[in-house]
Amino acid sequence: NTGAPLPWPTTNDTMNEGVLVGEGGEITEADIVFGQLVLEAFKFGSGNVPVSVELMQDSSINMAQTLGRLLGERLARIQNRLYTRGTGASQPRGITVAAHDSGVALNGAVSYDNLVEIEHACDPAYRTPNGRWMFHDQTLKAIKKLVDPSTLRPLWSAGMAVREPDTILGYPYTINQHMPNFVADTGDPAIVFGDLGKYMIRQVRDIQLYR
């Protein structure tokens, strides 16, 4: 609650498994290797907005409510941008920076092979049941044009039931306009796949409005 640096333990134990032990047998050691992230705290502001008393009194709409919504959206945009692509230097470390690199290069075009390689670069423990894609809307547009080379069926599949999400290779996706547009931007990874719930955001305090 103070905003001081918060150490957080990390581990990846997916390569280890238990052992079969015979009667009276000795169980060998199998240490768990921990790492550490330090979660910093950052302050976001919406910017000062001068509003006259006359406007607050004479407006035909609820000006206070409208301002609150607009200022909240400003905060949401800056946070989403930095939680997506922040460098980690004096700002949050975005998911495109923090995610493990699969080593898959798009080279200005997304293909069926790209998506299969990205999917299987992720350990199965992080694919099922919470695997999810995240990319820019222009990336989705390109993916919608792709077909399975063996069946010629589109990779993109519309959800058939109410509240069932559209999927790509059987996994749902999230559109994030702060993800790089792979057509115009070849810097950060243009596609993220995995259990996105593993990306942690530290919220120190609630939003406060000053006047």
Practice problem: Taking Val21 as the residue in question, decide whether it is within 22 Å of Lys198 (Cβ to Cβ) and hydrophobic (A, V, I, L, M, F, W, C). | Solution: no
Quiz item: Restricting attention to the range 186-201, and to residues there that are surrounded by 13 or more Cβ atoms within 10 Å (Cβ to Cβ) and part of a loop (DSSP other than H, G, I, E, B), which single residue is modelled with the lowest pLDDT?
Solution: Thr186
Quiz item: How about the range 109-161: which of its residues are part of a loop (DSSP other than H, G, I, E, B), acidic (Asp, Glu) and buried (at least 17 other Cβ atoms within 10 Å of the Cβ)?
Solution: none
Self-check item: Every pair of residues 6+ apart whose Cβ atoms lie under 6 Å, when the first sits in the range 114-142 and is over 17 Å from Asp101 (Cβ atoms) while the second is among the polar types (S, T, N, Q) and open to solvent by 30 Å² or more (accessible area, probe 1.4 Å)
Solution: Ala125/Thr14; His136/Asn181; Gln138/Asn181
Exercise. Within the range 163-172, identify whether any single residue is within 13 Å of Pro189 (Cβ to Cβ), modelled with pLDDT of 85 or more, of a type in the set (A, V, I, L, M, F, W, C) and outside any loop (DSSP other than H, G, I, E, B), and answer yes or no.
Key: no
Quiz item: Somewhere in the range 40-60, is a residue assigned to a helix (DSSP H, G or I), open to solvent by less than 40 Å² (accessible area, probe 1.4 Å) and either touching a residue at least 40 places away in the same chain (Cβ under 8 Å) or not acidic (Asp, Glu) (or both)?
Solution: no
Quiz item: Considering the range 20-39 alone, what residues qualify as being surrounded by 10 or more Cβ atoms within 10 Å (Cβ to Cβ) and either over 30 Å from Gly94 (Cβ atoms) or at pLDDT below 90 (or both)?
Solution: Val21, Ala30, Leu37
Quiz item: Going by the conditions given, is Arg74 at pLDDT 90 or above, part of a helix (DSSP H, G or I) and over 22 Å from the mean Cα position of the chain (by Cα)?
Solution: no
Quiz item: Given the residues Ala64, Ala89, which is the only one that is open to solvent by less than 90 Å² (accessible area, probe 1.4 Å) and not in a helix (DSSP H, G or I)?
Solution: Ala89
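The values are calculated or read from the model by the stated rules, or taken from the named source; none is laboratory data. Just so it is clear, the structure is predicted and the values come from calculations on it, not from any experiment. Here the Cβ is made from the backbone with ideal geometry for all residues, glycine too, and neighbour counts use every protein chain on show. Calculation scope for accessible area: heavy atoms of the full protein, side chains included, ligands and nucleic acids excluded. Shrake-Rupley method; radii C 1.70, N 1.55, O 1.52, S 1.80 Å.
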